[in-house]
Amino acid sequence: MDSPDLAAALAEARSRVETELALLLESLPDTPARLREAMAHSLLAPGKRLRPILLLWSREAIGEAGVSGNGVGDRQALQAACGLECLHTYSLIHDDLPAMDDDDLRRGRPTCHVAFDEATAILAGDALQALGFGMLARGGGARAAQLVAMAADALGPGGMVGGQQLDLDAEGRDLAAEAIERIHLMKTGRMLGLALAAGALLAGADEETVDDLDAAGRALGVAFQGADDLLDVQGQARTLGKTPGKDQRSGKATMIRAAGMSRAQAWTRERGERGLDLLRRRVRPQQPAGRRLLALGSFLWQRSS
């Protein structure tokens, strides 16, 4: 798929997700106005929506490949996809807090605690986490319990939250490349693995296929974080939507710091290619949905913003 075609497909999918997210926030009963505003500030800020799109496109590609069974319908899949975006946004709000990465810019606008206050930002993140798990449960159909359990595992102490702790512990320290890869896998790879695996699960795929999609997402997630680290050095705030150079100033553990720019670039490429190879085992590149998913997999670690 050519870049303009991928860009158009991403824009269309992003619009679907963002329309659903806006409707979701409007439908919440008994939500205090300030809390709703803080949730909307972060959830509806301009973003790539990669995780929900990966779920939606994975489901379509697995269905197209003919390895699926009785999966959920389009409406339920969209609900589950929006649940992932709620969970991702919760993690961003908390990650930006003064006690964590202490950042003041996210998705091109002031971070939640800057725009509101720290306590409200914490509550907005908490609310989005609960909302996200609820959306996964509503969108998961007969496999809702399995989907929610997968998400809890990917986000919990052995996944994203544990990775954040390792990242905090590593600040100002010189780590080996293997330790940095573990942080990237837990913080980012587990969530992208969840997105692809959830799509396969919702397509009705068997356990082996779901596991392969999870493995592909983990490798692509590590490459995605590697690209993010490279962009932190090379990018600009207007294209990144967040503060560039922050990793270096904060003493963050990155592959660039451990092995230098050239090795970090090669490492990112190696993990990205591994993820694409795993995807090719389960999707059909000659079919539209498979080709589109593979193009997105390449974009994850070859992007410029």
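Every number in this text was worked out from the coordinates using simple rules, so none of it is lab data. The structure presented is a predicted model; accordingly, all values stated were derived computationally and were not measured. Note that each Cβ is placed from the backbone with ideal geometry, even for glycine, and that neighbours are counted across all protein chains shown.
In nm, what is the difference between 0.36 nm times the number of residues separating residue 149 and residue 259 and their Cα-Cα distance? Please report the intermediate quantities before stating the final value.
Details: separation 110, 0.36 × 110 = 39.60 nm, distance 3.62 nm.
Gain on extension, residue 149 to residue 259, equals 36.0 nm.
Once phi is turned into ³J(HN,Hα) by the Karplus curve 6.51 cos²θ - 1.76 cosθ + 1.60 with θ = phi - 60°, what whole-Hz value does each residue of the stretch 151-159 show in order, with x for glycine and proline?
5, 4, 5, 5, 8, x, x, x, x
Once you charge only the Cβ atoms, +1 for Lys and Arg and -1 for Asp and Glu, what is the size of the charge dipole of the chain about its Cα centre, to the nearest 20 debye?
Dipole of the chain, to the nearest 20 debye: 660 debye.
First check a/c for the chain, with a ≥ b ≥ c the square roots of the eigenvalues of its C-alpha gyration tensor; if it is under 1.5, answer rounded, and if not, answer prolate when a/b is larger than b/c or oblate otherwise.
Verdict is oblate for the chain.
Which of 66, 87, 139 sits farthest toward the positive end of the charge dipole of the stretch 4-147, with +1 on the Cβ of Lys and Arg and -1 on the Cβ of Asp and Glu?
66
Would you mind working out the magnitude of the charge dipole of the stretch 1-46 relative to its Cα centre, with +1 at each Lys and Arg C-beta and -1 at each Asp and Glu C-beta, to the nearest 20 Debye? Can you show the working numbers first?
Details: 4 positive and 8 negative charges, 43 e Å.
Once rounded to the nearest 20, the dipole reads 200 debye.
Which one of 256, 293, 209 is farthest out on the positive end of the charge dipole of the chain, using unit charges on Cβ (Lys, Arg +1; Asp, Glu -1) and the Cα centre as origin?
Sorting the options by dipole projection puts first 293.
Need the full-extension length gain, residue 138 to residue 7, defined as separation in residues times 0.36 nm minus the C-alpha distance. One decimal, nm.
Contour length minus the Cα-Cα distance gives 44.2 nm.
Taking R0 as 45 Å, what FRET efficiency do you get between residue 26 and residue 99 from their Cβ-Cβ distance, rounded to the nearest 0.05?
0.90
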